[in-house]
Every structure is written in structure tokens, then in C-alpha cells.
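The values are calculated or read from the model by the stated rules, or taken from the named source; none is laboratory data. Quantities reported herein were computed from a predicted structural model and do not represent experimental measurements. No Cβ is skipped: glycine too gets one built from the backbone with ideal geometry, and neighbour counts run over all protein chains shown.
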């Protein structure tokens, strides 16, 4: 377990917990590790989540098929992060996506009973867990919202308008890289970059690296009408 403590120390679930306390807590619970090779399926859609999975090494892709059979990449989960933590205590704890290893992956598996013990023993872990599943709900809500728009321009226009509203300014810095935005929207990075340039050349926005200035908010809003 000593080899994994330094990894878990940087996991959001254990924020504020010392290495010494982590080691002590893990001596009191059951856990195991399992490995997956590249492109191996970790869990299929519909898999029943009855244990907490923590990515200790490697990267995992969450993906699903839409009605047309197209594979949609929801997100990439890199170590050290949790896999599907929001479903562990759900009434319907079946996984809505497929989890696939993109390289050599090492998972730490904690049974639900052991996680419950940790949550009861350490309030900081409980608060961290609640924060993590709340953040996941927000991420998935945004993902669904952006995927519902048929065009990249519509997705991007909505995103920029929401940033402008949050920051109370038409001039702001993009908080995400273009690669991260493309993943959020479910599109390719070149397609996103091309759309940003189109908005810039159409004088709807001015774009300089990550700085955005909204020049024509009314036309930008019209792009968000489905």
C-alpha cells in the first residue's frame, strides 16, 4: 500500500488528509488492485456499480453510443481520479457509459462497505466525496446541454455567452483549452478551431490567443436558437 499512498494523496477524494492518516485508514479497510491493458473494456454500459474505482495509473475513456450508433466520447479520466462515483449509492446504480482503458491502467477497488466506513470515520473525506459528485453532476449537465445543439457554432455561442454572463463582461479569458472545449462539445479540435476563426472573421467576436471579446452579442444569441 505504501506505493499507492503518494498517488492517493493527490486524489481529490483525499484532499486535506495526511499521508500518515491515509496509510492508517487503509489498514482498516478492504481493497484490491486490478490492471487493464490498452483498449481493454473496464466496464460495459449497464454494469452495476457496487464498488469505488480509483484510477491509480493510466487513462480511461468514458464513451456511449447515440441513437444512430455513433460513438460519443464523454470524457477522459486520468490518474488519480474516481470512476463513476455518483452511481455507487444511487437507487439505479447501473453505468450509463462504457469505460475503456486507453493505455496500461491500474485501478484501486474499494468495496462500498469500506468506502462507507471511510466516510463515517473522516468528515473531510465525506465532504470531498460530496463535492466530487456535485461537480460531476454539473459537468454532465453542461455536457448534455452542449450536445443538444446541432451545430458547433450554437454550442460555442452558448458557451461564450454564459462566460460573459458569469464574468459580467464582454471581455474575458477562456478558462479551457481548445482541446478541452472540443471534448466538452463532443467535436474535433480542428472543427472547433475553424468555428472560432469563423466567428472572429465574421466580427461576432475578437479572439487573441485565449482572450475573447464579444463584438455582436445579438447575432451570437441568434445562433443559440434551436
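Descriptive notes on the structure:
- Selection status of residue 108, touching a residue at least 60 places away in the same chain (Cβ under 8 Å) and in contact with a helix residue (DSSP H, G or I) (Cβ under 9 Å, 6 or more places away or on another chain): yes
- Qualifying residue in region 55-72 (condition: touching a residue at least 12 places away in the same chain (Cβ under 8 Å) and touching a helix residue (DSSP H, G or I) at 6+ places or on another chain (Cβ under 6 Å)): yes
- Cross-chain or 6+ apart pairs with Cβ under 8 Å, region 26-48 first and more than 14 Å from residue 60 (Cβ to Cβ), then part of a loop (DSSP other than H, G, I, E, B): 26/1; 27/1; 45/95; 45/96; 45/97; 46/95; 48/93; 48/95
- Among the candidates 108, 99, 119, residue that is in contact with a strand residue (DSSP E or B) (Cβ under 8 Å, 6 or more places away or on another chain) and under 23 Å from residue 16 (Cα atoms): 108
So that you can scan it fast, the table gives a plain yes or no per residue for (1) modelled with pLDDT of 90 or more; (2) under 24 Å from residue 73 (Cα atoms); (3) within 26 Å of the chain's Cα centre (by Cα); (4) loosely packed, with under 14 Cβ neighbours inside 10 Å:
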| site | (1), (2), (3), (4) |
| --- | --- |
| 166 | no, no, yes, yes |
| 172 | yes, no, yes, no |
| 177 | no, yes, yes, yes |
| 189 | yes, yes, yes, no |
| 196 | yes, yes, yes, no |
| 214 | yes, no, no, no |
| 218 | yes, no, no, yes |
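- A single entry from 124, 136 fulfils the requirement of being assigned by TED's automatic domain parsing to the domain that holds residue 95 and modelled with pLDDT of 90 or more: 124.
- Taking region 2-89 and the strands (runs of 3 or more DSSP E) fully enclosed by it, the elements with 3 or more residues that are at pLDDT below 95 and either in the same structural domain as residue 126 (by TED's automatic domain parsing) or exposed (fewer than 12 other Cβ atoms within 10 Å of the Cβ) (or both) are at 59-65, 71-78.
- Per-region count, region 138-160, residues crowded, with 17+ Cβ neighbours inside 10 Å and assigned to a helix (DSSP H, G or I): 11
- Condition met for residue 117 (in the same structural domain as residue 21 (by TED's automatic domain parsing), surrounded by 18 or more Cβ atoms within 10 Å (Cβ to Cβ) and at pLDDT 95 or above): no
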